[in-house]
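Asker: One structure coming up, written as structure tokens, with questions to follow.
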Amino acid sequence: MINDLPQFDRLPLIPQLEEAEKEIFHPHWNCFCCQDSGFIQPHLVKKIIPDYNYNQDKNVACQNPSCKSFHQKWGNINLENFDTRFLPAICQKLDLLNRETWRNTVQVQIDTRCLSQKMSIRKVDRTENENKEVQERKREIEAIPHEQWMSIREKYPGGQSEDSSVA
């Protein structure tokens, strides 16, 4: 009777990422125009104001209708301190543009990872223990003094001492 307990599958709080997605940054901003900061990102501002200088010019307020970051974070400061010329339609276009840029960036990272795994001699990533062993061997090799390297070099076929010349 006690042994008749049912078995359930796990219900993880955080969904497991696919292998290709691990270590690839996926932005989770609501607004890609300002990255939820309230200010339009400088590289996007330069598409509208080519000579924009982030250090000298006013911060450009994000007015994307779906973004409330500017009003939540900076709404209590006088609007004269910000550049508010970017209409909501401009912010929406910049948001879409930056979303597409990020989508392409992530896709390139995934494609690069897949290609490198296909071309790799080793088909499986190193385990944590293997990484530790590699680091230990690297430290041992780096600790070998120059004189010892020269004597090792001379012992190998084709190894030459520094004072012999190649004809």
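All of the numbers you see were taken from the coordinates with simple rules; none came from a lab. Everything quoted here is computed from the prediction, not taken from an experiment. Counting neighbours? That spans all protein chains shown, and the Cβs are built from the backbone with ideal geometry, glycine included.
Asker: Which entry is the computed Kirkwood radius over Cα pairs in Å for this structure: [x] 22.5; [y] 17.8; [z] 18.3?
Answerer: Matching the structure shown: [x].
Asker: Excluding residues fewer than 8 places away in the same chain, name every one of the lysines whose C-alpha is closer than 25 Å to that of K118.
Answerer: Straight-distance partners of K118: K22, K132.
Asker: Would you order F32, F70, F25 from fewest to most other beta-carbon atoms within 10 Å of each residue's own beta-carbon?
Answerer: F25, F32, F70
Asker: Let's see if you can work this out: charge +1 on each Lys and Arg Cβ, -1 on each Asp and Glu Cβ, no other charges. What is the dipole magnitude of the stretch 28-123 about its Cα centre, in debye to the nearest 20?
Answerer: Charge dipole of the stretch 28-123: 580 debye, to the nearest 20.
Asker: About its Cα centre, what dipole magnitude does the chain give when the only charges are +1 on Lys and Arg Cβ and -1 on Asp and Glu Cβ, stated in debye to the nearest 20?
Answerer: Computed charge dipole of the chain: roughly 620 debye.
Asker: Grab the DSSP H runs of the chain that are 4 residues or longer, score each as -39,500 (n - 2.57), total them, divide by all residues and round the 222 nm result to the nearest 500 deg cm²/dmol.
Answerer: Working: 5 runs with 70 residues, N = 167.
Mean residue ellipticity, 222 nm, calculated: -13500 deg cm²/dmol.
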